[in-house]
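Report on the structure given below.
The values are calculated or read from the model by the stated rules, or taken from the named source; none is laboratory data. None of the values given here were measured: they were computed from a predicted structure. Cβ sites come from the backbone with ideal geometry, for glycine too, and all protein chains shown count toward neighbours.
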Amino acid sequence: MTIDLASREAAILDRLKDRYEQQGYQFFAHPGPELIPAFLGGFRPDAIALKPGDRLIIEVKLKQPPANAEKHLAEIARKVAMQSGWRFTVLVEDESPEGGVRVRRSTTAEIGRQLAEVAALAQAGHARAAFILAWAVLEAAARASCPTLTDRPLTPMQTIQELAMQGLIEETAADRLRDMLAARNAVAHGDFSVAVDPAAVRFLLDLIAELHPTLGDAPPPADNAPRASLPGHG
């Protein structure tokens, strides 16, 4: 890691330390082996945050990880999900041309209108358009649900991370969203050979509607569509 990247990572960890300590956690950057749980094997996280009843393993990435790295991180996430009281989050701080953009927090009414538009596009057979808009609505819903989020744009992976880290979705839902990322990224960047499963759109509709139960405009997902898994829901 170059000095520039190391300084960026250190700044991110300092920011995370402030954030988690304000929430009552003890924060350990680059934790020693005495703090790293044995179930992680040889994996060394960038940080661990601890408080009674909640233990968080944190990995920082300075750019969107490639597919093989995402697969490895997903394996770590599954290991952690099997351990009671532990959670895993990956923070992607990718410097991109969007870095100067500031995103206003959407109101529940605005999210509801866009959710209805996703449903209308899907019902009209425009699955790709519905799918891409649904991811945008999911980011807006995440920002509205997580008061600690800033006005910086989120990557799709960051959106998933924040929802999972805040306990707003179960790991099963986070895993399904991660599985959708390849299709989302391909379509968003112009690869229209990629087919979008209508069930994926229905899953996103369901997830967003359950994050914001006051949204009543979107139709329920079809009976054969996989349902989102949120805390407190089956």
- Message: Within the range 34-55, does at least one residue satisfy the condition of being within 30 Å of residue 206 (Cβ to Cβ), β-branched (Val, Ile, Thr), outside any helix (DSSP H, G or I) and modelled with pLDDT of 90 or more?
- Response: no
- Task: List every residue pair whose Cβ atoms sit under 7 Å apart, with the two residues 6 or more apart in sequence or on different chains, where the first one lies in the range 153-167 and is touching a residue at least 12 places away in the same chain (Cβ under 8 Å) and the second, anywhere, is among the hydroxyl-bearing types (Ser, Thr, Tyr) and outside any helix (DSSP H, G or I).
- Result: 161/89; 164/89; 165/89
- Could you check residue 138 against (1) modelled with pLDDT under 85; (2) surrounded by 12 or more Cβ atoms within 10 Å (Cβ to Cβ) and say which number it fails? (1)
- Message: Quick test of your reading of the structure: residue 209 fulfils all but one of (1) part of a helix (DSSP H, G or I); (2) in contact with a Ser or Thr (Cβ under 8 Å, 6 or more places away or on another chain); (3) buried (at least 22 other Cβ atoms within 10 Å of the Cβ). Name the failing condition by number.
- Response: (2)
- Message: If I go through the range 164-201 residue by residue, how many of them are outside any helix (DSSP H, G or I) and of a type in the set (D, E, K, R)?
- Response: 3
- Query: What number of residues within the range 172-203 satisfy the criterion of being polar (S, T, N, Q), within 27 Å of residue 81 (Cβ to Cβ) and either over 19 Å from the mean Cα position of the chain (by Cα) or not assigned by TED's automatic domain parsing to the domain that holds residue 121 (or both)?
  - Reply: 0
